[in-house]
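The values are calculated or read from the model by the stated rules, or taken from the named source; none is laboratory data. Keep in mind it's a predicted model, so treat the numbers as computed, not measured. In this analysis, Cβ positions are derived from the backbone assuming ideal geometry, glycine residues included, and neighbour counts consider all displayed protein chains.
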Amino acid sequence: MAFAAEGLYQSGFENPVEQSQQCYRYLLEGFSRPGRWASLGAINTPTSISSSLWTILLTLCDVETPVWLSPAMIAADDPERHPLTTAIKFYTASPIVEIASQAQFALLTSADADLLKGLAIGTPEYPDRSATCLVDLSLGTAANTGAMLHLACSGPGFADIRTVSLPGLSSAWLPAMQENRQLFPLGLDFIFCRQEEFLVIPRSTSLEAVKCTSQ
Amino acid sequence: MQRTQALSLLARAEPALLQRFVDRHQQQVPEYRIVQPAEIGLMMVRGRIGGCGQPFNFGEVTVSRCTVLMRTGELGRGVRLGRNKPVAFHLALLDALLQIDFWQRLIYSQLLQALQESHDAERQQASRKADETRVEFMTMVRGE
């Protein structure tokens, strides 16, 4: 007989100090050289979310970081397993907030482009009081449709214009993220997660559509 | 007894006392698994001036903590001031057992009752001591 609720309690870091420090280093690298995929290595997840997203949550969240989950994120919970909110509370003790604008970390799926407007962008005195969006590209309605968003990125951290392809994202994300760029120095930072990999697009990155004929 | 009350008593108890209880019942304890091995870390203590001011960070304290899971799903958490991993584990195990009726009665009669009594006695003695040094202020009524 299996232990009750065991899966929930087997999703932590095996080596909390080393694994969270490694993940933090990757995130620093990701924010200073945006638009590149990096792998965080596999880890057990409590639900069907990407393992990179879970690793980043375990690394960055604690009692002082309110977390908000989009309705699509909550709907993506596996009914046979524990809800993601239970796991977040157990492992990070972060408060789960109902109001999107109170969140420091917003968990989104690929279908949530229109929810960005509700998130905190910071204030001119404190631009750091803005939300960081953790977007799971393998969840959401557009995730498995073969949709692909190609972006031409430039700005701090880019030597030239660099083309970034984000699988599972619809074209609705481009105007939403361009608007976000206009708010600089306020605005949201994005961490896109897909299985073990993640890619950062901070608020400082300029985005253009790519006219792509192939694919 | 409330869970918080019981845990508060256990968290202040002599470590050897808990150790002895766990050792004595080693054979009967239902199957469990350690889901968060005992670890030592820092915890921020917050305070409020007069108990109602703005909360501020008072300072960090060292705590040891541990989490165990019983086969039947009870989750026990042990947290204690100081660097002592075994006692954090014992507290976690006791917290989980306290959620099972049979064990709750056993722990109450073998541990908590005595702890509660000695805790009450200590408090009484402290307040008696404070009472001895009480200063009575008298105010003279000024006649006009």
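Quick one: which residue in B:Arg77, B:Arg71 is within 14 Å of chain A (Cβ to nearest Cβ), under 20 Å from B:Pro15 (Cβ atoms), basic (Lys, Arg) and in contact (Cβ under 8 Å) with a residue 12 or more places away in the chain?
After applying the criteria, what remains is B:Arg77.
Let me confirm something: among B:Gln110, B:Gln104, which residue is more than 14 Å from chain A (Cβ to nearest Cβ), in contact (Cβ under 8 Å) with a residue 60 or more places away in the chain, in a helix (DSSP H, G or I) and of a type in the set (S, T, N, Q)?
B:Gln110
Could you give every pair whose Cβ atoms fall below 8 Å, whose first residue belongs to segment A:180-192 and is at positive phi and modelled with pLDDT of 95 or more, and whose second residue is buried (at least 18 other Cβ atoms within 10 Å of the Cβ) and among the polar types (S, T, N, Q), counting only separations of at least 6 or pairs across chains?
Cβ pairs passing all conditions: A:Gly187/A:Ser130; A:Gly187/A:Asn180.
Select from segment A:5-55 the residues that are within 14 Å of chain B (Cβ to nearest Cβ) and either touching a helix residue (DSSP H, G or I) at 6+ places or on another chain (Cβ under 7 Å) or closer than 15 Å to A:Ile201 by Cα (or both) and list them in ascending order.
Residues satisfying the conditions are A:Leu8, A:Ser11, A:Gly12, A:Phe13, A:Ser20, A:Asn44, A:Pro46.
Could you please find all residues in segment B:49-67 being closer than 24 Å to B:Leu9 by Cα, more than 10 Å from chain A (Cβ to nearest Cβ) and in contact with a strand residue (DSSP E or B) (Cβ under 8 Å, 6 or more places away or on another chain)?
B:Phe58, B:Gly59, B:Glu60, B:Val61, B:Thr62, B:Val63, B:Ser64, B:Arg65, B:Cys66
I need the full set of residues from segment B:119-139 which are farther than 26 Å from B:Ala38 by Cβ, assigned to a helix (DSSP H, G or I) and not hydrophobic (A, V, I, L, M, F, W, C), in order please.
Within segment B:119-139, B:Asp120, B:Glu122, B:Arg123, B:Gln124, B:Gln125, B:Ser127, B:Arg128, B:Lys129, B:Asp131, B:Glu132 meet the criteria.
Please verify whether segment A:17-25 includes one or more residues that are at pLDDT 95 or above, closer than 28 Å to A:Gly118 by Cα and surrounded by fewer than 20 Cβ atoms within 10 Å (Cβ to Cβ).
yes
Here are some conditions: (1) within 14 Å of another protein chain (Cβ to nearest Cβ); (2) crowded, with 16+ Cβ neighbours inside 10 Å; (3) assigned to a loop (DSSP other than H, G, I, E, B). A:Arg81 meets all but one. Which one does it not meet?
(1)
When A:Pro175 is evaluated against the numbered criteria (1) without any contact (Cβ under 8 Å) to a residue 24 or more places away in the chain; (2) assigned to a loop (DSSP other than H, G, I, E, B), which criterion, by number, is the only one it fails?
Result: A:Pro175 fails condition (2) only.
Taking the criterion of being touching a residue at least 60 places away in the same chain (Cβ under 8 Å) and loosely packed, with under 14 Cβ neighbours inside 10 Å, would at least one residue in segment A:203-213 satisfy it?
yes
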